[in-house]
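Participant: Sending over a structure as structure tokens; questions will come in a sec.
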Amino acid sequence: MMTTKIRTNRLNLSFPSQQTKRMFAASGQAKSKAQKKFRALNDISIEIRNGERVGILGANGAGKSTFLRVLAGVYAPTSGQLEINGSVTSLFDMNVGLDKEATGYENIPLLMAARGIPRSRAPKLIEDVVEFADLGDAMDRPIRTYSSGMQLRIAFAVATARSADILLMDELIGVGDKNFRMKSKVRTQRLLSESGTLLLASHSSAYLKTYCTRGLIFENGRILADGPIDEMIEQHENTK
Amino acid sequence: MQIAVKDVFEGFKKYEFWTIFGANEIKKKYRRSKLGQFWITLSVAFFVLVVGSLYKNLFGIEDNFYMTYLAIGYVLWQFISGVLNKSGTIFSKNGKFMLQRSWPATTFVLWLIYSEILILAHNLLILIPIFFFWGTWPSIVGVLFSILGFLITFMTALAVGMILAITTLRYRDIQPILKSLVRIAFFATPIIWMERDLGAVGDLILAVNPFGYFLHIVRDPLLGFAINPFDWLIACGIFVVCVLGALLLLARTKHRLAYWL
């Protein structure tokens, strides 16, 4: 059965912005309260059903990340309705929670806590992460001694360990060297296939084609187009 | 209001989060030192011993009792000033967490309070030798009253921490003001000096200084002083006002916190 996972109705989001206030003042326009605000999302009405894999396209600043953050519960909409059925997991910045002075082992529980993974799952998850990150003895060293690729391996391994009801991803990149990139691709695919519903914002047509079936094009905080991913990628590339 | 109360409950429920990061806050600071977190204990012990030996004579306080008085007061002040000084940066420092998913705001205040309580626990060790050498051991009833006093202090700190965290996030200028106020408050609170002959102005300062009441309700029972109901009443009054203020402020601003980051 196809149940609705996410529904928004005329959703708007405005940021308070001092920058725009100054800009308007300089150009001599009247400073009404509305103009002091920067409207990041404008009249978003959309329905996403269970099991849909939605790719989000658009130029920088089009509102892709802001939209995902609204769905993640970070920003409350300024007006309009937002309805979410199910648990949401966001994968925006994998490094959040990382302590560079702590060892690889010590960082796993920190990363878990940062993503809200219950401690009861630690034994299994640590085993999984250690095996996947494949860093050997380096796990006992502070991660400030790691290369950035090695650091990312741990963060990536924890971030992708748990599947979700609704998964939000912002530009998931391939991690590490060629060999590890293959492994990370397999792991990402597993995560995506185990997760119910996916929203992925990306500039990579290849990623979007691989992982998504439906596409949304954002422009200036509005949804410009909505349709099958191939058509959307084509349309987006033509307007570039 | 309901939003705020829910936030507080949800915040406490995320104890796995704030305990691990609260503890890591301390580990982080002392990770590469040999003595580790016992530097916290040592530096406070050093202060108490040096300042105590000096001021004992300066103030003409001959009895050994001054050392226990100073030690308890200073250890508690470390907790109060730690919370006040650091609460201004709670949200700005942990903004990256708040931009990932929806967190109860209370969780981040608890993170700070928890790490300050761990520091307090380290500092409490100093009291053992101090009581042994210079003082008389407090009675069980005294300890119980002191713990009750600390619980009120702790909950007030949580509320004040929340108020400062939110207001400083919105108005960043509060942080430097706060730091200098805390420094002044240390000298205006009976920690190194004792309330004897302060004169009219001194008495007035003491009466309006909220910190004095909290020191009284925690320190006095440990020193074997008689319980002064007036101190407890004022401390509880401050506590209630702060909690209500914090809840009202949180209810009004909760949805906007992420925008101010």
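Just so you know, all these numbers are worked out from the coordinates, no wet-lab data involved. What you see is a predicted model, and the numbers here were worked out from it, not measured in a lab. No Cβ is skipped: glycine too gets one built from the backbone with ideal geometry, and neighbour counts run over all protein chains shown.
Participant: Quick one: Debye curve from the alpha-carbon atoms of the range B:80-159 only, equal weights, vacuum; give me log10 I(q)/I(0) at q = 0.12, 0.17, 0.21 Å⁻¹ to two decimals.
Facilitator: -0.48, -0.79, -1.02
Participant: If you don't mind, there's one more thing I want to ask. Not counting the cut sites, what is the longest span of chain B without trypsin sites (Lys or Arg not before Pro) that DSSP labels loop and that have at most 14 other Cβ atoms within 10 Å?
Facilitator: On the way: sites that count: B:32, B:34, B:172, B:196.
Here the longest run is B:35-171.
Participant: Of all the Cα-Cα pairs you can form in chain A, what percent are over 26 Å apart? Intermediate results must be reported in sequence, preceding the final value.
Facilitator: Working: 13264 of 28680 pairs.
Every Cα pair in chain A considered, those over 26 Å come to 46 percent.
Participant: How far is helix B:174-188 tilted off the main Cα axis of chain B, in degrees rounded to 10, range 0 to 90?
Facilitator: In chain B, helix B:174-188 runs at an angle near 20 degrees to the longest axis.
Participant: Provide the three semi-axes, in whole Å and in decreasing order, of the ellipsoid equivalent to the range B:2-260 as defined by the square roots of 5 times the Cα gyration tensor eigenvalues.
Facilitator: Working: eigenvalues 214, 91, 57 Å².
Each semi-axis is √(5λ); the values are 33, 21, 17 Å.
Participant: State, to one decimal in nm, how far the label point of residue A:103 lies from the label point of residue A:177, with both points 7 Å from Cα in the Cβ direction.
Facilitator: Spacing of the two 7 Å Cα→Cβ label points: 2.4 nm.
Participant: Quick check on my link table: of A:183/A:209; A:37/B:254; B:28/B:86; B:6/B:254; B:27/B:96; A:183/B:14, which ones sit more than 22 Å apart, alpha carbon to alpha carbon? Before the final figure, lay out the partial values.
Facilitator: Details: A:183/A:209 19 Å; A:37/B:254 19 Å; B:28/B:86 16 Å; B:6/B:254 11 Å; B:27/B:96 20 Å; A:183/B:14 33 Å.
As for pairs spanning more than 22 Å Cα to Cα, those are A:183/B:14.
Participant: Using a/c under 1.5 as the rounded threshold, could you call the protein assembly as shown rounded, prolate or oblate? The axes a ≥ b ≥ c are square roots of the C-alpha gyration tensor eigenvalues, and prolate needs a/b larger than b/c, oblate otherwise.
Facilitator: Values: a/c = 2.76, a/b = 1.81, b/c = 1.53.
Note, shape of the protein assembly as shown comes out prolate.
Participant: Where is the GNM fluctuation largest for chain B (alpha-carbon springs, 10 angstrom cutoff): B:201, B:48, B:160?
Facilitator: Most flexible of the set in this elastic network: B:201.
Participant: If the only charges are +1 at each Lys and Arg Cβ and -1 at each Asp and Glu Cβ, what is the size of the charge dipole of the range B:2-260 around the Cα centre, to the nearest 20 debye? Can you show the working numbers first?
Facilitator: On the way: 23 positive and 13 negative charges, 320 e Å.
Its charge dipole is roughly 1540 debye.
Participant: If you take the beta carbon distance between residue A:37 and residue B:54 as r and set R0 to 45 Å, what does 1/(1 + (r/R0)^6) give as a FRET efficiency, to the nearest 0.05?
Facilitator: The computed FRET efficiency comes out at 0.20.
Participant: Measure nothing fancy, just the Cα-based angle from helix B:38-58's long axis to the longest principal axis of chain B, in degrees from 0 to 90, nearest 10.
Facilitator: Here the helix axis deviates by roughly 40 degrees.
Participant: Would you kindly state how much longer the chain becomes between residue B:252 and residue B:64 on full extension, computed as 0.36 nm times their sequence separation minus their alpha carbon distance, in nm to one decimal? Could you put the intermediate results ahead of the total?
Facilitator: Numbers: separation 188, 0.36 × 188 = 67.68 nm, distance 5.06 nm.
Value of the extension gain: 62.6 nm.
Participant: What does a probe at residue A:134 reach in the range A:176-209, counting residues whose amide N is under 15 Å from the point 7 Å along Cα→Cβ?
Facilitator: Counting backbone N atoms under 15 Å from the label point, the list is A:176-188.
Participant: Any idea what angle helix B:2-13 forms with the longest principal axis of chain B, computed on alpha-carbon atoms, 0 to 90 degrees, nearest 10?
Facilitator: 70
Participant: Something else: So what is the calculated 222 nm ellipticity per residue for chain A, using -39500 (n - 2.57) for each DSSP H run with n of 4 or more, over all residues, to the nearest 500 deg cm²/dmol? Could you put the intermediate results ahead of the total?
Facilitator: Numbers: 8 runs with 88 residues, N = 240.
Taken over chain A, the calculation gives -11000 deg cm²/dmol.
Participant: Give the peptides A:177-188, A:91-102 in descending order of average Cβ contacts within 10 Å, highest first. Mind dumping the intermediate values first?
Facilitator: Numbers: A:177-188: 14.2, A:91-102: 18.8.
Packing proxy ranking, top to bottom: A:91-102, A:177-188.
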